[in-house]
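Asker: The structure's right below; bear with me while I get my questions together.
The values are calculated or read from the model by the stated rules, or taken from the named source; none is laboratory data. As the structure is a prediction and not an experimental result, all values here were calculated from the model. Reconstructed Cβ throughout: ideal geometry from the backbone, glycine too, with neighbour counts over all protein chains shown.
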Amino acid sequence: MGPKDKKKVRFTMRKSALMVFSAGIGGAESVVKEVFAHLLLLKEDIVVITCDEIADVFREINPVRVLSIGKLYNNSFFSKGYRFLLYKLCNKLFKNKDLYNRLLLKKHIKKIAKIICSENISIVHAHLMQAIYCLSKCKTDAVKMATIHDAHGLDNMGFDELAYQTVKDMYEQMDIVTAACNYFFDLFRNNNINLKMTFIVENGINAAALKTVIPRNFDADKFHIIFLGGDREVKGCDYLEQATKICVKEFKIYNICVHVLRNVSEASSFYHAVVRDGLQEYFDIVGYVEGGKHLEYMAAADLYILPSRTEGAANTLLEAIGLNLCILATNVGGTPELIEDGVNGYLAKMDARDIANRIKRLYSDILLRRRLADANKMKSEKYDWNIISEKYKKIYHCVRK
């Protein structure tokens with residue numbers, strides 16, 4: 001088969017593939033699951049290329065269309081020891097975390113290329129660092145597509161598993177890049193990462209599932225705030241602790257209850273601050289909850305709060321919109337693309353006092369909370385997964401013509 005024939009095959013194949021590798025299910029993996037399910041409903045010829053750690057999550061939808069490369073990381077005692085030593089060597093000796101990830105992912109690249117070829121896949125849509133990196137190194141005629149889920153450390157906060165040059169190289173290898181907000185595209189552009197073809201495709205809301213959520217039975221005499229950031233400072237747990245202190249000690253709001261979901265270590269600075277300031281009775285440290293149980297807490301809340309230092313288009317923020325909640329978030333990253341200050345939520349500065357002042361305003365004005373919540377009821381229709389999956393399908397079919 002000559003070069004012309006190969007080019008012709010590329011544009012006559014119709015199968016698409018979603019690709020994601022990770023050790024567990026988080027926000028981005030949940031997005032891939034929803035896209036997979038809804039594209040199947042739209043009769044798209046699609047498969048998922050994933051790893052054993054999360055393959056069963058996708059097999060719940062359609063076991064025949066899930067292809068695994070095996071274990072992403074071998075978790076035997078010796079393999080864990082090898083990874084630990086390799087990580088230390090790369091970081092301490094070579095001062096190169098990038099090398100650690102590249103060495104661990106290298107063995108999967110040929111497997112992925114083989115699957116793409118044997119399945120006659122015409123477009124591969126990768127999510128998260130591991131999958132995007134592997135796809136960028138694959139020798140294949142398939143169209144390469146990636147979705148940006150985080151800032152990759154380009155915002156000087158949070159995720160920085162790969163070096164800047166590697167992030168630049170792998171995204172510039174993509175034929176198409178999508179993101180849920182313009183913030184990511186602006187961030188990449190400002191860091192001189194040149195993307196070939198870009199599309200905004202929002203993350204979605206499973207409206208039908210959200211309607212079935214049964215709220216937890218909270219004490220009706222308290223003002224309930226839900227925070228899903230655990231003890232992570234990038235999510236603004238310290239701002240929240242300081243703002244709560246102001247609300248209690250200065251504003252005399254004694255019936256406030258802040259429910260903190262996700263992991264909180266008793267050794268964390270956040271936990272120490274809560275104890276130091278005598279705020280234990282105002283914080284309900286829930287910890288990690290499985291199986292979408294966090295939605296039960298959210299549905300019962302008077303206020304959903306997201307005081308992050310950096311953010312893309314947070315899935316939990318979309319869930320809050322879908323649950324028609326009153327929302328208070330910091331004016332960072334892609335959040336202003338979802339929340340219009342004073343319309344469907346409040347946007348605060350990254351400042352504990354400003355956050356506290358806005359909590360006080362929302363606490364004292366139930367009609368304002370209802371108005372902001374009602375605005376989210378109208379807004380949520382835009383993010384229905386049926387609409388979002390149609391956008392992906394149109395992109396797939398457009399680039400294959």
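Asker: Among the residues of region 234-258, which ones are surrounded by 17 or more Cβ atoms within 10 Å (Cβ to Cβ) and over 24 Å from residue 220 (Cβ atoms)? Walk me through it before giving the result.
Answerer: First pass over region 234-258, keeping only residues surrounded by 17 or more Cβ atoms within 10 Å (Cβ to Cβ): 235-248, 253, 256-258.
Hits for region 234-258 are 235, 236, 237, 238, 239, 241, 242, 245, 246.
Asker: Could you run through region 115-143 and say how many residues are within 15 Å of residue 193 (Cβ to Cβ), surrounded by 24 or more Cβ atoms within 10 Å (Cβ to Cβ) and either in contact with an Asp or Glu (Cβ under 6 Å, 6 or more places away or on another chain) or β-branched (Val, Ile, Thr) (or both)? Reasoning before the result, please.
Answerer: As a first pass, look at region 115-143 and keep what is within 15 Å of residue 193 (Cβ to Cβ): 129, 132-133, 136.
Next cut, surrounded by 24 or more Cβ atoms within 10 Å (Cβ to Cβ) only: 132-133.
Next cut, either in contact with an Asp or Glu (Cβ under 6 Å, 6 or more places away or on another chain) or β-branched (Val, Ile, Thr) (or both) only: 132.
Number of matching residues: 1.
Asker: Whether any residue in region 152-168 is assigned to a helix (DSSP H, G or I), farther than 19 Å from residue 391 by Cα, modelled with pLDDT under 95 and of a type in the set (S, T, N, Q) is what I want to check.
Answerer: There is at least one residue in region 152-168 that is assigned to a helix (DSSP H, G or I), farther than 19 Å from residue 391 by Cα, modelled with pLDDT under 95 and of a type in the set (S, T, N, Q).
Asker: Considering only region 259-272, how many residues are buried (at least 18 other Cβ atoms within 10 Å of the Cβ) and farther than 12 Å from residue 229 by Cα? Give the derivation first.
Answerer: Looking only at region 259-272, we keep the residues that are buried (at least 18 other Cβ atoms within 10 Å of the Cβ), and these are 259-262, 264, 270-271.
Still in the list and also farther than 12 Å from residue 229 by Cα: 271.
Of the residues in region 259-272, 1 are buried (at least 18 other Cβ atoms within 10 Å of the Cβ) and farther than 12 Å from residue 229 by Cα.
Asker: Going through region 160-213 one residue at a time, which ones are of a type in the set (D, E, K, R) and more than 28 Å from residue 321 (Cα to Cα)? Break it down stepwise before answering.
Answerer: Restricting attention to region 160-213, the residues satisfying the condition of being of a type in the set (D, E, K, R) are 160-161, 168-169, 172, 175, 186, 189, 196, 202, 211.
Within region 160-213, 160, 161, 168, 169, 172, 175, 189, 196 qualify.
Asker: Then there's this: Confirm whether residue 233 is among the charged types (D, E, K, R) and touching a Lys or Arg at 6+ places or on another chain (Cβ under 8 Å). Spell out how you get there, then give the answer.
Answerer: Numbers: among the charged types (D, E, K, R): yes; touching a Lys or Arg at 6+ places or on another chain (Cβ under 8 Å): yes.
Taking the combined requirement at face value, the residue satisfies it.
Asker: Still on this model: Please list, ordered by first then second residue, the pairs with beta carbon atoms under 6 Å, 6 or more apart or interchain, first in region 268-281 and within 16 Å of residue 256 (Cα to Cα), second assigned to a helix (DSSP H, G or I) and acidic (Asp, Glu).
Answerer: 274/241
Asker: On to the next question. List the number of the failed condition for residue 332; all other conditions in (1) under 18 Å from the mean Cα position of the chain (by Cα); (2) outside any loop (DSSP other than H, G, I, E, B); (3) modelled with pLDDT of 95 or more hold.
Answerer: Going through the list (1) under 18 Å from the mean Cα position of the chain (by Cα); (2) outside any loop (DSSP other than H, G, I, E, B); (3) modelled with pLDDT of 95 or more, residue 332 breaks only (2).
Asker: Quick test of your reading of the structure: residue 372 fulfils all but one of (1) surrounded by fewer than 21 Cβ atoms within 10 Å (Cβ to Cβ); (2) modelled with pLDDT of 95 or more. Name the failing condition by number.
Answerer: Result: residue 372 passes all but (1).
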